[in-house]
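To start, the structure itself, in structure tokens.
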Amino acid sequence: MPGEHFVASPHWEWYILAYFFLAGISGGAFVIGTMLRLWGSRADVAASHIAFLISFPLLIICPILLTLDLGQPLRFWHMLIATGSEGGLVFKPYSPMSLGAWGLTIFGLFSFVMFLVALGEGDYLHSRPLASVGRAAASTVGLVVMVIGAIFALFVAAYTGVLLAVSNQPVWSDTWTLGGLFLASGLSGAAATILLVTRNRREAAVSDVKLMEADRYFIILELVLIVLFLITLGGLVSKVLGGGWIILWLVVLAGTLVPLALHWRPAMLRQLPPVLSPVLVLLGVLALRAVIIFSAQA
């Protein structure tokens, strides 16, 4: 109800939109890379190595965008380290902002480690048989690093939606679906990004079928959560569907329904440009975040 919302709009602009977009893809790419290592074959190592190479560079952009949005970027580190006489680390488990800052930082460490591993694997991919690739990451320590990193990756990919939900802003605080919705959308966007990169890499393209199958499930989950999102809004649904926002929703539908149809019709997919489906998915991921962020502030 309108009377329950008593805070001013944060007036977030494109910095936050870009952060939400890139954080979801970065976390999703790490999770997919880990899944390919845990349950894929040796032939999937090349695609997982690309996933880890994608994750860290995208993640590095996120704190830059966040600090720019703060207005005083040089003070971002104050969220992690106390500046008073007591010193030490600042961790407030009751604060969504503190949890997010630490989640982003810890995930960054795991993402960086796997980025270095993937860089090392690149030499193997071009000079040795594929069967010898990934020995470092296949060790017990490597698997532990990937699994723990994937947990933090899931947190980062879903956190942006949870952050909105714990606010007192109309729309954001009126639904419980945003964390799951942004996570599913981020995983779908990550699969699409990896597919775009593997198009030009023969050794990694062998995993395209698995990536498209995974993306199909991510999209289905995303569509289910979109429906639940609209249902749980009740009378506020007109706020996100009214006016020009419907144009962004059409982009979201194009980025979910069209790729879903193409995935189920491989013959049709072969007749179209190979980049069409992944590009549509990424546009849909961006449009979904844009309509949720900006319509609630209008």
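Structural remarks
- The residues in the stretch 33-51 that are within 13 Å of VAL117 (Cβ to Cβ) and out of contact with any His (no Cβ under 9 Å at 6 or more places or on another chain) can be counted, and the count is 7.
- When the helices (runs of 4 or more DSSP H) confined to the stretch 195-298 are screened for residues that are of a type in the set (Asp, Glu) and more than 20 Å from PHE21 (Cβ to Cβ), those reaching at least 2 such residues are found at 208-233.
Table: residues versus (1) at pLDDT below 90; (2) in a loop (DSSP other than H, G, I, E, B); (3) open to solvent by less than 20 Å² (accessible area, probe 1.4 Å); (4) closer than 16 Å to ILE32 by Cα.
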| residue | (1), (2), (3), (4) |
| --- | --- |
| SER111 | no, no, yes, yes |
| GLY122 | yes, no, yes, no |
| MET146 | no, no, yes, yes |
| ALA150 | no, no, yes, yes |
| PHE155 | no, no, no, yes |
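- Filter result for the condition that a residue is surrounded by fewer than 16 Cβ atoms within 10 Å (Cβ to Cβ) and free of Cβ contacts under 8 Å to residues at least 12 places away in the same chain, over VAL224, VAL275: VAL224
- Looking across LEU272, LEU280, LEU253, one residue alone is modelled with pLDDT of 90 or more, over 18 Å from VAL197 (Cβ atoms) and not charged (D, E, K, R). It is LEU253.
- Check on LEU164, over 18 Å from VAL258 (Cβ atoms), among the hydrophobic types (A, V, I, L, M, F, W, C) and surrounded by 20 or more Cβ atoms within 10 Å (Cβ to Cβ): yes
- Matching residues, the stretch 36-56, being within 15 Å of the chain's Cα centre (by Cα) and under 19 Å from LEU183 (Cα atoms): ALA51, PHE52, ILE54, SER55, PHE56
- The stretch 1-32, subset at pLDDT 95 or above and not aliphatic (A, V, I, L, M), residue nearest to PHE155 (Cα to Cα): GLY27
- Qualifying residue in the stretch 196-212 (condition: open to solvent by less than 30 Å² (accessible area, probe 1.4 Å), at pLDDT 90 or above and within 30 Å of ILE246 (Cβ to Cβ)): no
- Residue in the stretch 191-201 that is touching a His at 6+ places or on another chain (Cβ under 8 Å) and basic (Lys, Arg) present: no
The values are calculated or read from the model by the stated rules, or taken from the named source; none is laboratory data. If you're wondering where the values come from, they're calculated on a predicted model, not measured in any experiment. Cβ atoms come from the backbone with ideal geometry, glycine included; neighbour counts cover every protein chain shown. SASA here: full protein model, heavy atoms, side chains in, ligands and nucleic acids out. Shrake-Rupley method; radii C 1.70, N 1.55, O 1.52, S 1.80 Å.
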